[in-house]
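Step one of this worksheet: look at the structure below.
The values are calculated or read from the model by the stated rules, or taken from the named source; none is laboratory data. If you're wondering where the values come from, they're calculated on a predicted model, not measured in any experiment. Every residue, glycine as well, gets a Cβ built from its backbone with ideal geometry; the counts of neighbours run over all protein chains shown.
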Amino acid sequence: MKRFLMLVSLPMIAGDCLPVAGDRVTVADLARALPAFAAAPATDVLGYAPEPGFHRSFSATDLQRWARRYGLNESRFTAGACVERTAAPLTEAAVLEALRLAIAMPGARVELIEFSRRPVPGGKLEFPRSGLVASPRWRSGEPVVWKGRMKYGSGRSFPVWARAVVGITGRHVVARRALPVGQVITADQVTVEDYERLPFAPPEPAEIEEVVGSIPRRSIEAGKAVSAAVLGQPRVVEKGDRVAVEVRTGSMKLTMDAVSETGGRSGETVVLRNPSSGKRFRARIEGKGRAVSVSPTA
């Protein structure tokens, strides 16, 4: 079994070092600078390639030992050599392409302002969703920082970044006037406008019908978007309301009137009272003034 050579790492890139593209330094790499090694098996591994931004040195003694291994004239190697990983600065075209692939939506706005200029190894440039960093109060046209990576070698990556203006055009519902907390929204209170959102941000309601009949859980200022996150459904049953209840027992159905002891929204369970017996039971609200018994005790 071959032993890997422990090479010296230096925090610099030497301009006269031999560039290597892979994770290992092979005989073929060395032969490009020292043709005498062309007679040796090209795929034999001599050591690990350095990290980007570093170089590794081979001494004359190292070269002579390898020459003896392959039956070469060791006296020809009186000086050492070094290798560095192949690296080059990112190009604007490559960064733009990677950003567009990350957004993956036709018509998306991508305007590149600046990006990292450090040389990077060859590989696959990626900008993951988690790397997009924007202000909580982001507005259309405001630049964002997007952290990415150049994936190379065997599961390695090199950090990169870009600063760009990005956005997705759509439509959203906007309040014509202030919408108070808990007050049912009506069609005349809202309108639809075009807007731009960040990639991967959840879209806002795009049609008036999506918000009419809902209630804001917090007040919405005039001119502001009506976000789905702040909307709730109004109660369709209040305490004291008369409710038509369908009681289901196996295949049998019975309809009766009851009085609500608690309020609720469609789909929620409320406590009802049988006005004849005074007994209470639970039922699921099916709509305004309607419910289905789920566990009757009356």
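Quick notes on this one:
- Residue in region 231-249 that is under 34 Å from the mean Cα position of the chain (by Cα) and not in a loop (DSSP other than H, G, I, E, B) present: yes
- Checked against (1) at pLDDT 95 or above; (2) farther than 30 Å from residue 86 by Cβ; (3) within 22 Å of the chain's Cα centre (by Cα), residue 162 meets all criteria but (2).
- Residue in region 144-162 that is of a type outside the set (D, E, K, R), assigned by TED's automatic domain parsing to the domain that holds residue 101 and more than 30 Å from residue 50 (Cα to Cα) present: yes
- Within region 111-145, the set of residues being hydrophobic (A, V, I, L, M, F, W, C) and closer than 25 Å to residue 86 by Cβ comprises 112, 115, 120, 125, 127.
- Residue count for region 231-249, restricted to those that are among the aliphatic types (A, V, I, L, M) and surrounded by fewer than 17 Cβ atoms within 10 Å (Cβ to Cβ): 1
- Filter result for residue 135 (part of a loop (DSSP other than H, G, I, E, B), among the small types (Gly, Ala, Ser) and outside the structural domain of residue 62 (by TED's automatic domain parsing)): yes
- Residues in region 65-93 that are within 15 Å of residue 27 (Cβ to Cβ) and not charged (D, E, K, R) were compared, and the one that is surrounded by the fewest Cβ atoms within 10 Å (Cβ to Cβ) is 71.
- Scan of region 218-230 for residues that are part of a loop (DSSP other than H, G, I, E, B) and exposed (fewer than 14 other Cβ atoms within 10 Å of the Cβ), ordered by number: 218, 221, 222, 223, 224
- Check on residue 139, over 19 Å from residue 51 (Cβ atoms) and at pLDDT 95 or above: no
- The residue of region 59-89 that is farthest from residue 21 (Cα to Cα), among those that are assigned to a strand (DSSP E or B) and out of contact with any Cys (no Cβ under 7 Å at 6 or more places or on another chain), is 81.
- In region 250-280, the qualifying residues are those that are in a strand (DSSP E or B) and either of a type in the set (Ser, Thr, Tyr) or in contact with a Leu (Cβ under 9 Å, 6 or more places away or on another chain) (or both), and the one that is surrounded by the fewest Cβ atoms within 10 Å (Cβ to Cβ) is 255.
- Against the numbered list (1) surrounded by 12 or more Cβ atoms within 10 Å (Cβ to Cβ); (2) within 24 Å of the chain's Cα centre (by Cα); (3) assigned to a loop (DSSP other than H, G, I, E, B), residue 146 comes up short only at (3).
- Any chance residue 194 is free of Cβ contacts under 8 Å to residues at least 24 places away in the same chain, over 30 Å from residue 119 (Cβ atoms), out of contact with any Gly (no Cβ under 6 Å at 6 or more places or on another chain) and outside the structural domain of residue 49 (by TED's automatic domain parsing): no
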